[in-house]
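The values are calculated or read from the model by the stated rules, or taken from the named source; none is laboratory data. It should be emphasised that the depicted structure is a prediction, and the values quoted were computed from it without experimental measurement. Here the Cβ positions follow ideal geometry from the backbone for every residue, glycine too, while neighbour counts run over all protein chains shown.
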Amino acid sequence: MELLKNKILNDGHALGKDILKVDSFLNHQLDIRLFEAMGEEFARRFKDVEVTKILTIETSGIAIAAVAAKYFDYCPVVFGKKNASLNLDKDIYTSEVYSFTKQQTYQIMVSKKYLNPEDKVLIIDDFLANGKAVEALEEIVKQSGAQLMGVGIAIEKGFQNGGKEIRASGIRLESLAIVDEMYEDGTIIFRD
Ligand code: G4P
Ligand code: NA
Ligand code: NA
């Protein structure tokens with residue numbers, strides 16, 4: 001998606017070879033016009049697919065998923081919670097995420113009220129790196145008996161394994177920008 005790639009080139013910063021900072025439009029300050037264009041693009045790419053619910057994860061996935069829902073007939077957006085506020089509730093799906101960045105495992109939770117076997121689910125998130133967050137969301141979809149229709153990602157880091165693994169598992173994955181290489185001097189190379 002050219003608009004997103006240009007935004008990354010103009011306003012993003014490669015922090016070394018591994019981390020792409022996009023705080024000014026995606027992770028801290030939010031560019032809603034860009035989010036609307038991303039939502040439209042997700043809808044275009046998944047237009048042959050029925051979606052009744054979008055599933056994402058705290059924190060940064062929520063805004064992207066919420067705006068994208070406008071282009072999926074205003075379907076509900078459900079997000080995996082990282083905080084323990086649902087812990088006492090027995091009617092939850094839970095799954096574990098290992099964060100390479102934080103080098104620790106945490107639980108995510110979704111109430112059983114908000115995902116059921118009739119749902120056709122699109123997972124949306126801001127970044128795809130090692131794919132552990134998406135994997136945990138897939139696990140929650142599986143527990144619910146809902147059907148996973150695909151995964152939509154704003155920025156995939158093509159040099160980490162998440163994208164490769166999701167595609168290999170047969171799940172449809174659409175990433176709006178795939179960064180294949182970053183260099184210490186700030187150069188960012190996209191996949192075509
Ligand atoms: P993964 O296995 O789920 O792919 O992610 P990993 O543990 O490697 O990364 C942890 C968090 O950092 C995730 O956000 C992920 O989206 C984000 N992240 C990974 N690589 C980058 C990057 O290059 N740039 C930026 N800006 N973010 C990156 P999270 O834990 O879900 O946190 P939140 O920010 O959504 O709350
Ligand atoms: Na995220
Ligand atoms: Na993030």
Q: Consider only pairs whose beta carbons are under 6 Å apart and that are at least six residues apart or on different chains; among these, list those whose first residue lies in the range 1-30 and is in a loop (DSSP other than H, G, I, E, B) and whose second residue is of a type in the set (Asp, Glu).
A: Met1/Glu41
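One line per residue, one yes/no per condition, for (1) over 23 Å from Gly163 (Cβ atoms); (2) modelled with pLDDT of 95 or more; (3) in a loop (DSSP other than H, G, I, E, B):
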site	(1), (2), (3)
Lys102	no, no, yes
Tyr106	no, no, no
Pro117	yes, yes, yes
Val121	no, yes, no
Asn130	no, yes, yes
Ile140	no, yes, no
Q. Counting just the residues of the range 117-149 that are small (Gly, Ala, Ser) and touching a residue at least 60 places away in the same chain (Cβ under 8 Å), which one comes out farthest from Ala177 (Cα to Cα)?
A. Ala146
Q: Would you point out the residue of the range 37-80, among those that are among the hydroxyl-bearing types (Ser, Thr, Tyr) and within 16 Å of ligand 2 (Cβ to nearest atom), that is surrounded by the fewest Cβ atoms within 10 Å (Cβ to Cβ)?
A: Thr59
**Q.** Odd one out for Thr59, checked against (1) in contact (Cβ under 8 Å) with a residue 60 or more places away in the chain; (2) polar (S, T, N, Q); (3) within 16 Å of ligand 3 (Cβ to nearest atom)
**A.** (1)
Q. Which ones in the range 44-66 are in a helix (DSSP H, G or I) and under 22 Å from Gly131 (Cα atoms)?
A. Arg45, Ser60, Gly61, Ile62, Ala63, Ile64, Ala65, Ala66
